[in-house]
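Participant: Starting off with a structure, shown below.
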Amino acid sequence: MIQPEIVVLYEHLNSIETFKHSIITKWVNNTEVSQVLSSKDIDINEFREHYARNVMEYFIDVIKGKQQIGNCPTINNLLLFFEAKNITVSELYLICIHFRESMINEMIRQNLFTETLHSAICYLFNANFKGVLQMHTDTIMKAREEKNEFQNLIENSLNEIYIFDKESLRFSYVNRGALLNSGYTAAEFKQMTPLEIKPYYTKEQFQELITPLLQYEQEQIVFETVHERKDGSSYHVDIRLQLMNFGGRESFVAIINDITKRVQAIKEKESYYQMATHDYLTNSNNRQNFDTLFHSESKRAQRYNHPLSIILFDIDDFKRINDTYGHDVGDTVLVNISNRTKLCLRNSDIFARWGGEEFIILLPHADLNLAILKAEEIRTIFDSEPIDKVGRVTCSFGVAQVSDYEDLNQVFKDADDALYGAKESGKNRVNASIKLL
């Protein structure tokens, strides 16, 4: 006995045959179907020609009575093909569902749709795929287990995972890691937006940040910022943010890694480097680091034939300042002299505390005359601007140009001899090495 649903379909057979190509096109071009095929490196045209057309012809033959429901080599071949491509049961069912929906949608488009026809199409679809799904019951159960495992993986991930609405920005989901690290409850997060845990972003700044995602200019944004916990404490985070589709609605997904330890390690490393290369009092380069930088600049000057000069200076009568006002005031003078010197220098100049009350400046791209002018500029500032509690503090300067790219000891000796000459000539003056004069 012929099933009444088959009779209904037979009454619409001419229409189904007429529009079968349109049904196939709708099916294979469906966004979700295309995504599945693409993810498995399946060529859409190949799928259309070798499988989709055959499946369509099988359904027509069933309506004509030429094929039996559920006993179809075409369907079996399709399953074998999908198995070879590692398509999961959920993906298989998704593809099949869209075949049914494409047939229904085409009937609607042709104004042929009725509830009776809808029931008949669903009957034919369900009858054919009931056997398929029964054959794969174990696989379906495995897929469910995998889904649960995946959900557990997301929920128990060490990363914080947030999902929030594209329009309102309100959180719709946060995983266990986010709850534990932030201190908020899931219910509290439902009433919050990312702005409430990102203290360094205004609403306008955050909107500007996500604009490339909203305009589909970028698939993902990666950035670092600071999050604030419920108790007010903060932690550094690395964020990967993207838009994803959930049930036809786009939401933002943020995968967040707490990088506080990494940031602290970097800061500690920078602190150790600072301690190893800089003078603790004046925060200027120390003598050892200056020596390293000198050799680097000397090689560069030699390579490009650029002049290179140094200025060596010390504070006049510094011992008297310490003896009269105490070492605390003496330290203040050292810091003051250091800070005022830095304000006079170019970014390319290298300044260091040489030791005690002595300082040294390396001047790339500066010959002896330019170095003398710079030393005189600094000397004049010291001479004209008194220091609190001490008054007028002067310095004496020795200037030398690196000759034939000699080593630091030699050029320092030249500058030191010039500095000695400045002291002998009455202090508070600039004196240049006679080697190049």
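Participant: Relative to a virtual label point 7 Å from the Cα of ASP165 in the Cα→beta-carbon direction, which members of region 172-215 show backbone nitrogen distances below 12 Å?
Facilitator: Residues passing the 12 Å test: 172-173, 190-193.
Participant: Can you give the calculated 222 nm mean residue ellipticity of the chain, where each DSSP H run of n ≥ 4 adds -39,500 (n - 2.57) and the sum is split over every residue, rounded to the nearest 500 deg cm²/dmol?
Facilitator: -17500 deg cm²/dmol
Participant: Which value in Å is the Kirkwood Rh of the chain over different Cα pairs?
Facilitator: Mean inverse Cα-Cα distance, inverted, gives 29.8 Å.
Participant: At 0.36 nm per residue, minus the direct Cα-Cα distance, what do ASN45 and ALA276 gain on full extension? Give it in nm, one decimal, please.
Facilitator: That pair, ASN45 and ALA276, stretches by 76.6 nm at full extension.
Participant: Between helix 287-304 and the chain, what is the angle of the helix's C-alpha long axis to the longest principal axis, kept within 0 to 90° and rounded to the nearest 10?
Facilitator: Here the helix axis deviates by roughly 80 degrees.
Participant: With axes computed from alpha carbons, what is the tilt in degrees of helix 137-155 against the longest principal axis of the chain, rounded to the nearest 10 within 0 to 90?
Facilitator: 20
Participant: Continuing with the same structure: Can you tell me the orientation of helix 53-64 relative to the chain, as the angle in degrees between its alpha-carbon axis and the longest Cα principal axis, to the nearest 10?
Facilitator: The angle comes out at about 20 degrees.
Participant: Within region 312-346, which residues have the backbone N less than 14 Å from the label spot 7 Å out from LYS389 along Cα→beta-carbon, could you tell me?
Facilitator: 321-337
Participant: Another question, if that's okay. Compute for region 281-425: radius of gyration divided by Kirkwood radius, i.e. Rg/Rh, restricted to C-alpha atoms, rounded to two decimals.
Facilitator: Here Rg/Rh amounts to 0.97.
Participant: In addition: How much length is gained on full extension from LYS319 to GLN68, taking 0.36 nm per residue of separation minus their Cα-Cα distance?
Facilitator: Answer, rounded to one decimal: 79.4 nm.
Participant: Right, here's the next one. Give me the one-decimal nm value for the distance between modelled label points at ILE266 and GLU208, 7 Å along each residue's Cα-to-Cβ direction.
Facilitator: That separation, rounded to one decimal, is 2.1 nm.
Participant: Same structure, new question: Taking the Cα-to-Cβ direction at PHE113 and at GLN302 and moving 7 Å from each Cα, how far apart do the two end points lie in nm?
Facilitator: The two pseudo-label positions are separated by 8.3 nm.
Participant: Okay, next question. Express in nm, to one decimal, how much length is gained between GLU32 and ASP417 on full extension, taking 0.36 nm for each residue of separation and deducting their alpha carbon distance.
Facilitator: 130.4 nm
The numbers here are math on the coordinates, done by the rules we state, and not lab data. Fair warning: this is a prediction, and the values are worked out from it, not measured in the lab. Because the Cβ atoms are built from the backbone with ideal geometry, glycine has one as well, and the counts that use them run over all protein chains shown.
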